[in-house]
Amino acid sequence: MKKDIIAIDGSFGEGGGQILRTALSLSAITQRPFEIYKIRAQRKAPGLSPQHLQAVNASARICNAEVMGNQLRSTDLKFFPGEIQPGTYHFDIGTAGSVSLVLQTIFYPLSLTNKPSSVTITGGTHVSHSPCVDYLTQQWLHFLKQIGFIAGIQILRTGFYPRGGGEVIATIHPIGPQHPVHLEDRGKLLMVHGLSVISNLDSTIAQRQQSQAKKKLLERNIPHEIGIAEIPSTGKGTMLLLVGKFEQGQCCYFSLGAIGKRAETVADEACNQFLCFLETKGIIDEYLADQLIIPLALTKGISQYITPKITQHLLTNIEIVKLFLPVTIEVTGNLSEEGLVKIDCPP
């Protein structure tokens with residue numbers, strides 16, 4: 001087993017935690033062991049944070065893996081996977097570390113088993129530098145269902161940074177018939193659905209976020225519906241989320257509040273990201289363009305879509321996927337500009 005181990009430089013490319021998470025997912029699926037060194041070496045706090053450590057331990061638990069180096073701040077790790085076991089799991093990150101990123105790590109291996117699984121994760125549901133759980137339910141699952149992945153996510157309690165304490169339950173069913181995604185044009189913009197959210201704050205903050213977002217969209221004559229919601233949480237927080245629905249595509253952008261950050265600024269950030277998307281030929285947002293690499297690399301056939309921005313995160317993720325799977329992935333375009341992503345998974 002050690003002879004066939006895949007060696008990965010954790011400081012390669014974008015150099016973040018996604019290198020580790022992708023390797024964990026695909027190692028469990030392919031039963032190919034790996035070792036990773038220089039984990040997050042260029043980050044302010046290198047090595048495994050609580051969030052990354054939980055992703056490692058959760059992955060190890062679902063496939064009975066043998067792991068070496070799974071300690072906080074470790075920069076080197078070896079992972080020897082066993083057989084994936086569907087079941088009922090509970091994982092507690094213990095901080096405001098991203099629930100979404102831990103869930104995405106173990107989602108694909110559990111989807112490829114022959115029985116459903118129930119996964120409860122506690123931690124941060126709405127934290128910076130990661131998809132919030134609403135993004136997963138509104139955008140990620142929307143496209144995964146088109147591919148053939150069957151799952152549901154329920155938010156029991158929201159966990160904003162820095163308190164965390166959020167809780168979600170994901171029900172993951174065995175994958176159905178798989179279909180590649182072939183999108184050439186997003187078509188006409190039909191509607192922007194939005195949500196202005198607060199937890200344990202004055203309701204006028206949600207109203208101000210809503211009002212500012214509506215103002216920005218009205219300036220461009222963009223059809224929209226933006227609701228307001230107050231959600232249970234252990235701490236305080238706000239969010240403005242927008243989902244742009246097109247005839248053949250969909251994008252999702254959101255912004256989170258912070259101490260000293262005006263409600264209008266929260267709305268402006270989400271709106272400006274969406275308006276920038278409109279200036280491109282993007283069919284899905286740049287975040288989903290990255291997140292679809294693994295599921296489509298596991299789906300027989302040719303998939304393609306246009307991303308509004310080629311990110312280093314995307315390019316790095318692609319290289320890690322190619323270490324584990326016999327797929328051809330091509331990206332046409334320049335870094336930080338729109339481009340075509342083509343994934344060819346042989347039968």
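Here are a few things to note about the model shown:
- Considering residues of the stretch 7-19 that are touching a strand residue (DSSP E or B) at 6+ places or on another chain (Cβ under 6 Å) and among the hydrophobic types (A, V, I, L, M, F, W, C) only, the residue nearest to Ile310 (Cα to Cα): Ile8
- Tallying residues that are open to solvent by 60 Å² or more (accessible area, probe 1.4 Å), in contact (Cβ under 8 Å) with a residue 40 or more places away in the chain and under 26 Å from the mean Cα position of the chain (by Cα) within the stretch 197-234 yields 1.
Listed here are the residues, each with its yes/no results for (1) surrounded by 19 or more Cβ atoms within 10 Å (Cβ to Cβ); (2) more than 28 Å from His90 (Cβ to Cβ); (3) charged (D, E, K, R); (4) in contact (Cβ under 8 Å) with a residue 40 or more places away in the chain.
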residue	(1), (2), (3), (4)
Arg21	yes, no, yes, yes
Ser27	yes, no, no, yes
Arg32	yes, no, yes, yes
Gln51	yes, no, no, yes
Ala60	yes, no, no, no
Val67	no, no, no, no
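- Considering the stretch 179-196, the residues that are hydrophobic (A, V, I, L, M, F, W, C) and part of a loop (DSSP other than H, G, I, E, B) include one that is surrounded by the most Cβ atoms within 10 Å (Cβ to Cβ), namely Val181.
- Where Lys300 falls short, out of the listed (1) within 27 Å of Gln31 (Cα to Cα); (2) open to solvent by less than 30 Å² (accessible area, probe 1.4 Å); (3) touching a Pro at 6+ places or on another chain (Cβ under 6 Å): (2)
- Only residues that are in a strand (DSSP E or B) and among the aromatic types (Phe, Trp, Tyr) were counted across the stretch 138-178, and they come to 1.
- Residue within the stretch 70-87 that is under 19 Å from Thr137 (Cβ atoms) and either of a type outside the set (A, V, I, L, M, F, W, C) or crowded, with 16+ Cβ neighbours inside 10 Å (or both) present: no
- Matching option when the condition is open to solvent by 70 Å² or more (accessible area, probe 1.4 Å), on the phi < 0 side of the Ramachandran plot and touching a helix residue (DSSP H, G or I) at 6+ places or on another chain (Cβ under 6 Å), among Lys281, Lys309: Lys309
Yes/no matrix, rows are residues, columns are (1) open to solvent by 10 Å² or more (accessible area, probe 1.4 Å); (2) assigned to a helix (DSSP H, G or I); (3) in contact with a Leu (Cβ under 9 Å, 6 or more places away or on another chain); (4) not acidic (Asp, Glu):
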position: Phe254; (1), (2), (3), (4): yes, no, yes, yes
position: Ala258; (1), (2), (3), (4): yes, no, no, yes
position: Val266; (1), (2), (3), (4): no, yes, yes, yes
position: Leu296; (1), (2), (3), (4): no, yes, no, yes
position: Ile318; (1), (2), (3), (4): no, yes, no, yes
position: Leu340; (1), (2), (3), (4): yes, no, no, yes
position: Asp344; (1), (2), (3), (4): yes, no, no, no
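The values are calculated or read from the model by the stated rules, or taken from the named source; none is laboratory data. The structure displayed is predicted, hence computed values, not measured ones. Cβ atoms come from the backbone with ideal geometry, glycine included; neighbour counts cover every protein chain shown. What goes into the accessible areas is simple: the full protein's heavy atoms, side chains included, and nothing from ligands, DNA or RNA. Shrake-Rupley method; radii C 1.70, N 1.55, O 1.52, S 1.80 Å.
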